[in-house]
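Contents: one structure, followed by commentary.
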Amino acid sequence: MATVTVGQRLAVAWPAYVGKTPYDQIFPQYWTLDRLKSGKAFKGFDGGTSIQGPIEYALNSTVEPMSPYGTMTIQHIDVFDQFDFPWKMYGGHAVLSTQDQAENQGGQKKIDLEPATLENLKKSMLDQLSVGVHSDGTGTGSLQLGGLQLLVAGTPTSGSPGSISRVTYSFWRNQTTAGTQTATAYDNLRAAMRTIYSACSNGYSTDHPEWFTFTSTDFAGYESLLVANERFNDKSVGDGGFKNEVLKFKGAVVSYDGDCASATGYALNSNYLKLGYLNGYWNKGYPSVNPANQFSEVFKIETKANLFMTNPRHLGAITTIS
């Protein structure tokens, strides 16, 4: 005799399924990664063993006041060098058995399994790249992207990002300031943002930070410091706040990222912070292969990229935010 499990009501009717793709319960928005992927910060390269670029790091020290018949001591002064950032490689795969594919066809399928699986794989790649963008580059045996904690460090007097020692060469150090509270939560955050904004601007020119990245907690702390905004379009509707994407500071956009380091904020500029990738190898998908000993298809995906900077004095970190 059969065991009754679901009851007649469920046995005689199909559920009402909504949509052809699964509803995302996992992936966040990648604020910093999305900013880097847009416009001039996203830079493709046609090959090469690493990301290299020239830098001008010193004045010519032979220039000095002279008398009409004074003599010069002729000597060569080094004023140029280069940075060198290695490529980092990310890979992933998805496996679908012939049983999965056979069952997911015709009128019986709830979602399109293969495209949904590949879309999940692509988003999983972006998720790991976002983690890397905010990292110190030491994850997985230093195979991870060299991220913000490395390039825009809270302590920029150690390490050698781009193969240039920050211990020896002060010109290769980013700006930094503390955002620690004095009496009440976030009472020094705006002052810290003003300090780092001015330091990264390096003067009165138009080359200022373009965006700030915080944790969601610290972003909410910044929002709490703003003047309350209440808008009444009619007598039945009121708006008591700002949208996340329109918060600004001195013209720079301010938002948050779930992968941002705790109690840390970054003032960034796409002229000097870049996300480089090898052309043809950003989220590259490969044709599926069939293992000789298994009834399945294997789908692979790959990215070859790294974060790099060209001038750290225009990049800044706000540390110990509280």
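Please count how many residues of region 45-80 are within 30 Å of G280 (Cα to Cα), small (G, A, S) and surrounded by 13 or more Cβ atoms within 10 Å (Cβ to Cβ). Count: 2. Within region 163-217, the set of residues being surrounded by 14 or more Cβ atoms within 10 Å (Cβ to Cβ), charged (D, E, K, R) and more than 20 Å from I55 (Cβ to Cβ) comprises D187, R190, E210. Within region 106-120, the presence of a residue that is within 24 Å of the chain's Cα centre (by Cα) and closer than 22 Å to W172 by Cβ is excluded. Checked against (1) modelled with pLDDT under 90; (2) closer than 30 Å to G265 by Cβ, T138 meets all criteria but (1). Total residues in region 272-322 satisfying the condition of being under 30 Å from T182 (Cα atoms) and of a type in the set (S, T, N, Q): the figure is 3. Taken as a whole, region 153-160 holds at least one residue that is in a loop (DSSP other than H, G, I, E, B), over 30 Å from Y281 (Cβ atoms) and in contact (Cβ under 8 Å) with a residue 24 or more places away in the chain.
When you check K88 against the structure, is it of a type in the set (K, R) and either touching a strand residue (DSSP E or B) at 6+ places or on another chain (Cβ under 6 Å) or under 30 Å from E297 (Cβ atoms) (or both), yes or no? In short, yes. Of all residues in region 165-215, exactly one satisfies the criterion of being assigned to a loop (DSSP other than H, G, I, E, B) and touching an Asp or Glu at 6+ places or on another chain (Cβ under 7 Å), namely Q181.
Within region 195-216, being at negative phi and free of Cβ contacts under 8 Å to residues at least 12 places away in the same chain holds for S198, Y204, S205, T206.
Within region 140-147, is even one residue buried (at least 16 other Cβ atoms within 10 Å of the Cβ), of a type in the set (S, T, N, Q) and either within 25 Å of the chain's Cα centre (by Cα) or not in a loop (DSSP other than H, G, I, E, B) (or both)? Among the residues of region 140-147, at least one is buried (at least 16 other Cβ atoms within 10 Å of the Cβ), of a type in the set (S, T, N, Q) and either within 25 Å of the chain's Cα centre (by Cα) or not in a loop (DSSP other than H, G, I, E, B) (or both), which makes the answer yes.
In summary, K43 fulfils each of the numbered conditions (1) basic (K, R); (2) in contact with a Gly (Cβ under 7 Å, 6 or more places away or on another chain); (3) in a loop (DSSP other than H, G, I, E, B) with the single exception of condition (3). Using the structure shown, decide if Q144 is within 25 Å of K37 (Cα to Cα) and touching an Asp or Glu at 6+ places or on another chain (Cβ under 7 Å). So Q144 does not fit the description; no. Take region 204-221 and flag every residue that is within 18 Å of the chain's Cα centre (by Cα) and either closer than 23 Å to K274 by Cα or acidic (D, E) (or both). Passing the criteria: P209, E210, W211, F212, T213, F214, T215, D218.
The values are calculated or read from the model by the stated rules, or taken from the named source; none is laboratory data. Note that the structure is predicted; figures quoted are calculated from it, not measured. Every residue, glycine as well, gets a Cβ built from its backbone with ideal geometry; the counts of neighbours run over all protein chains shown.
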